[in-house]
Amino acid sequence: MEGSMAETDDLSMGSSSVVSRAGEDTVELRIVLQPPGIVLVANPESCKPAVAVLSRLQAKLNKHKAFKKCTTAVPTLGILDIGGRVVDNSVGIGELGEFLLSVDGSNGVQTQIVRHNPPTVTALQVPGYPMVGCPIMPIAQFEHADGAEWEWTRTANNGARELLGQQQSYTPTLHDLENTLILRVVPTVAGEEPGLAVECRSGSNMLSKPCEPNPDGPVISWAPNGYFHHRHIHTPAPLDKTGLRVLSYNLLADYNLKQEMRRGEDIYFGAFHEKTQELSWHHRRQLLLQEVVGYHADLLLLQEVDRDSGFENFFSPHLGLVGFNGLYANKAHTSTPVGQALFWRTDRYNLLAECTLDLTQPPDLHQGSSPQAMAISECIRGNDALSEAMSKTTSVAQIAMLQPTCGRCLCVANNHFFGDPAAPHIRLLQSAMVLEQCRDMMEQHNDEAILLVGGDFNSGINEGICEFLGTGRVDKSHVDWLASTGYVWGANIAEKAENQGSTLLEGCTDGVAVTLKHDWDMANAVTGLMEHTWIGHVRQFGLESLACVDHVFYDCSKLKLTGLVPEAPAELIQEHGAPSSAFASDHVAVVVDLAFL
């Protein structure tokens, strides 16, 4: 009770600020009483009498929870014109222009000018589970501001605040352990008074509704149990300009992980020290960021990337701090906010051209389309079952032409091919569509560019898609085409196997088969060097479930393989499982070192 009274006494004596944003038909008023930060908002029509608007705000203040458990009188609000005169009842709130707000509290009457369209912080979030050594980039949104002043502090044992930094980003140190960080933001605009300061503690939101739970808590230690620290030994520094380091990594999107948890599949996850914390996206994405940055790669090909809490609000700004720029492509024809992201080091490459290729539809034909592109289009359009299945896959590919600061152009394709084990024929067609698009882009921009094709293929090294990319040809007789006969969208694997049988003959009327070929001299960097990149559910199904499904193909006439970061031992993966305290994703990052020839 005493604490509540103290807070309310402070409130009645504190100052008030108002944000008034004039629209065509409405005016937004925001009154902030500090401390402790009571916010009253109204959105009246411009013609609404100012006195009536004030009455609504007063009613909201009277009902505020800060006054329910104390005897302190609720402050009385008043409205005056800019000259200090009482506003006539007939004057609309939109007619006033600047005006005065008075607050009559226990400390007397205080008056402030109401500013129209001042610089304003409309949303501020400091991510939860701030981690030692991992930069914090707050999420902030502004209106009518062209800059901001930032101040990071922590509360000392004596209650005093210690200044930590005055930049937008802050990296916690060991001295911050178990302390709560506080960020103070003042919006600014050149030539005008700054706006109202807003404060936010680590793991909390201010003036916004988070799209996901944002765990509160002090700074925690880094992740000493993450196996990626052992892999970083192989990549202590970036390669010089004679080399190229490529990373391909399926991050296990938080959206997908939560879907697995709703289905009860989290019982198959690995071992955790703090399961709730370590499965939290706020925690896990920091581990993924530390891992990715520590490989010192030039190109990052990421799959299963959450659009908002992954790319937009975390990886893009944080990787920007260490010199990367990137693109995002969402899955096709779905509201699911998950897709792929391609990043490149800006000190080495500039973006020359890019496209997102929809792999759910037949290729778009044009005057310069190759005979193979026309054959693929005819194959898909001529089979209703195949056309329907492909239209439901949501698969896309990111293709970018990167111009180096010195050296040769790169044509890079970041892929996440269809994942149904019973549909290798769809993956074959998708990979061929990607190569056709790469060919078109190279013909338009630089036909001497070096081709790189990577990502999560959902296919093993010996399957048709890898044979096609690696050898340059897959014939109509390839076993993967047999899967197209009797393939039923939405059936489970057992039903599909029953429909497909094992004695299907080439040329069945409901199947598809087309000879695919290309002229590049491609090699798979992981062949013979990595045995497993998919490590999910290993504690349920054992070591036999491990598979190498993530690949990086490169043009070996222009590049040579000089190194590959080894994966974790299979026994260690089985011991910990994935995701787990040791492995933040259910995939292993493929990290490849190449040298230009």
(message) Students often check this: by mean Cβ neighbours within 10 Å, which of 175-186, 405-416 ranks highest, and how do the rest follow?
(response) 405-416, 175-186
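Averaged across orientations, what area in nm² does the convex hull of the alpha carbons in the stretch 272-360 project? Present the calculation step by step, with values, prior to reporting the outcome.
Values: hull surface 27.9 nm².
Computing the convex hull of the Cα atoms and averaging its projections yields 7.0 nm².
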(message) Students often forget the sequence filter, so: which aspartates and glutamates lie under 14 Å Cα-Cα from residue 476 once same-chain residues fewer than 8 apart are removed?
(response) 467, 506
(message) If N is the number of residues in the stretch 229-272, what value comes out of its Cα radius of gyration divided by 2.2 N^0.38 Å?
(response) 1.83
(request) Taking only protein heavy atoms into account and a 1.4 Å probe, give the accessible area per residue of the chain in Å². (result) 44 Å²
(request) Quick one: pull the percent of accessible area on the stretch 553-597 belonging to carbon and sulfur, 1.4 Å probe, ligands and nucleic acids left out. (result) 54 percent
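How long is the gain from residue 570 to residue 230 if the chain were fully straight, where each residue apart is worth 0.36 nm and the alpha carbon distance is subtracted? Please list the in-between numbers first.
Details: separation 340, 0.36 × 340 = 122.40 nm, distance 1.46 nm.
Full-extension gain reported as 120.9 nm.
Tell me the net charge near residue 591. Cut-off is 12 Å between Cβ atoms, residue 591 excluded, with +1 for each Lys or Arg and -1 for each Asp or Glu.
Numbers: positive: 231, 245; negative: 291, 298, 550, 567, 593.
Surrounding charge for residue 591 is -3.
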(request) Compute the distance in nm between two label points, each set 7 Å from the Cα along the Cα-to-Cβ direction, one at residue 443 and one at residue 156. (result) 7.0 nm
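For the stretch 236-349, give the share of DSSP beta bridges that are antiparallel, in percent and rounded to the nearest 5; count only bridges with both residues there.
On the way: 13 of 18 bridges.
Percent antiparallel among DSSP bridges in the stretch 236-349 is about 70.
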(message) Largest first, please: the extent of the C-alpha atoms of the stretch 56-184 along each principal axis, to the nearest Å.
(response) 59, 40, 21
(message) So if I take the centroid of the Cα atoms in the stretch 234-290 and the same for the stretch 109-143, what is the distance between those two points in Å?
(response) 29 Å
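Helix-only estimate, please: 222 nm mean residue ellipticity of the chain, summing -39500 (n - 2.57) across DSSP H runs of length 4 or more and dividing by its residues, to the nearest 500.
Working: 14 runs with 131 residues, N = 597.
Mean residue ellipticity, 222 nm, calculated: -6500 deg cm²/dmol.
Distance check, please: which entries in 258/392; 517/558; 258/560; 275/392; 60/275; 241/392 exceed 31 angstrom between their Cα atoms?
258/560; 275/392; 60/275; 241/392
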(request) Compute the FRET efficiency between residue 73 and residue 43 as 1/(1 + (r/R0)^6), taking r as their Cβ-Cβ distance and R0 = 22 Å, and round to the nearest 0.05. (result) 0.20
(request) For residue 331, list the aspartates and glutamates whose Cα falls under 12 Å from its own Cα; do not include residues on the same chain fewer than 8 positions away. (result) 304, 306, 358
(message) Based on C-alpha coordinates, I'd like the Rg and Dmax of the stretch 28-104, in Å.
(response) 13.0, 38
(message) Positive end of the dipole of the chain, charges at C-beta (+1 Lys, Arg; -1 Asp, Glu), about the Cα centre: which of 139, 430, 339 has its Cα farthest in that direction?
(response) 139
(request) Return the Rg/Rh value of the chain, two decimal places, where both radii are evaluated on C-alpha atoms and Rh is the Kirkwood radius. (result) 1.07
(request) Grab the alpha carbons of the stretch 244-310, take their convex hull, and tell me the volume per residue in Å³. (result) 97 Å³
(request) Whole Å is fine, so just give me how far the alpha carbon centre of the stretch 322-336 lies from that of the stretch 526-591. (result) 23 Å
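Order 338-349, 260-271, 469-480 from most to least packed using the mean count of other Cβ atoms within 10 Å. Mind showing how you got there, number by number?
Values: 338-349: 21.5, 260-271: 13.9, 469-480: 15.5.
Highest mean packing first, the order is 338-349, 469-480, 260-271.
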(message) Rounded to whole Å, give me the distance from the Cα center of the stretch 178-195 to that of the stretch 406-452.
(response) 46 Å
(request) Evaluate the charge dipole of the chain about its Cα centre and quote only its size in Debye, nearest 20, assuming +1 on the Cβ of each Lys and Arg and -1 on the Cβ of each Asp and Glu. (result) 1020 debye
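The values are calculated or read from the model by the stated rules, or taken from the named source; none is laboratory data. Quick caveat, the model's predicted, so the values are computed rather than measured. Neighbour counts run over all protein chains shown; Cβ positions are idealised from the backbone, glycine included. For the accessible areas, the whole protein counts, side chains as well, though only heavy atoms, and no ligand, DNA or RNA atoms are used. Shrake-Rupley method; radii C 1.70, N 1.55, O 1.52, S 1.80 Å.
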